[in-house]
Amino acid sequence: MFPIFFVENTWRQTFFQSYRCNTCQTDVLTETTGEGWTHQFPVIPDSQLKGRVCPQCGGDVVQSMRTAKTVWRRPDTQELLYDILDHPGALFDNPQGIYDKLSGQMWFGRDNVSLSVVCPGRNVWNIDSRASNCDRPHDAGHRCWVRHGGIGDVSQLHVDKDGYSCNAGAGSIEFPDFHGFLHHGHLVAI
């Protein structure tokens with residue numbers, strides 16, 4: 001069982017730089033290069049890579065990719081979370097909604113909020129979106145998952161089929177490494 005907790009976007013980024021072996025194409029390491037806003041992305045010059053070798057084959061290491069991850073904050077504890085997918089139970093708002101390919105519309109809950117929660121296994125459940133096994137794909141008025149509650153009191157957040165819904169499932173979410181419900185502020189595995 002994983003308790004739900006709300007996180008908010010700080011609109012800051014943590015920057016990472018990855019390195020790859022030129023010989024065996026193995027990702028060798030990732031370093032944190034700083035924190036800031038996206039336009040401040042620091043770059044480690046290739047000259048600083050001289051002398052780095054692949055621990056697997058001894059080949060030369062080259063810069064392969066720069067990435068940025070959003071920094072999130074728990075308002076209740078002020079804790080900063082640098083990789084939200086490492087925190088099952090993290091609940092966040094999608095201010096622009098969740099895009100539905102079938103209808104071409106953005107999906108929101110009845111309260112005009114679009115919530116997602118991180119599930120075990122680094123998967124994100126977009127609660128206010130369409131289920132992959134929805135049997136009413138052209139009915140934009142129904143909800144595949146009926147959400148009760150919101151970000152005000154996450155201990156009472158509950159998802160089920162009690163409302164105008166389709167026949168997809170029983171209100172649970174299923175990923176390859178997690179199948180469960182969101183009941184009364186907790187992700188509960190089946």
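Taking the stretch 70-123 on its own, how many of its residues are of a type in the set (Phe, Trp, Tyr) and buried (at least 17 other Cβ atoms within 10 Å of the Cβ)? Walk me through how you get there before you give the answer.
Step one: list which residues in the stretch 70-123 are of a type in the set (Phe, Trp, Tyr), which gives 72, 82, 92, 99, 107-108.
Checking which are buried (at least 17 other Cβ atoms within 10 Å of the Cβ) leaves us with 72, 92, 107-108.
Count: 4.
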In the stretch 147-177, the residues that are surrounded by fewer than 19 Cβ atoms within 10 Å (Cβ to Cβ) and assigned to a strand (DSSP E or B): HIS148, HIS158, ASP160, GLU174, PHE175
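Quick note: the coordinates plus some simple rules give every number you see, no bench work behind them. None of these values were measured; they are calculated from a predicted model. Neighbour counts run over all protein chains shown; Cβ positions are idealised from the backbone, glycine included.
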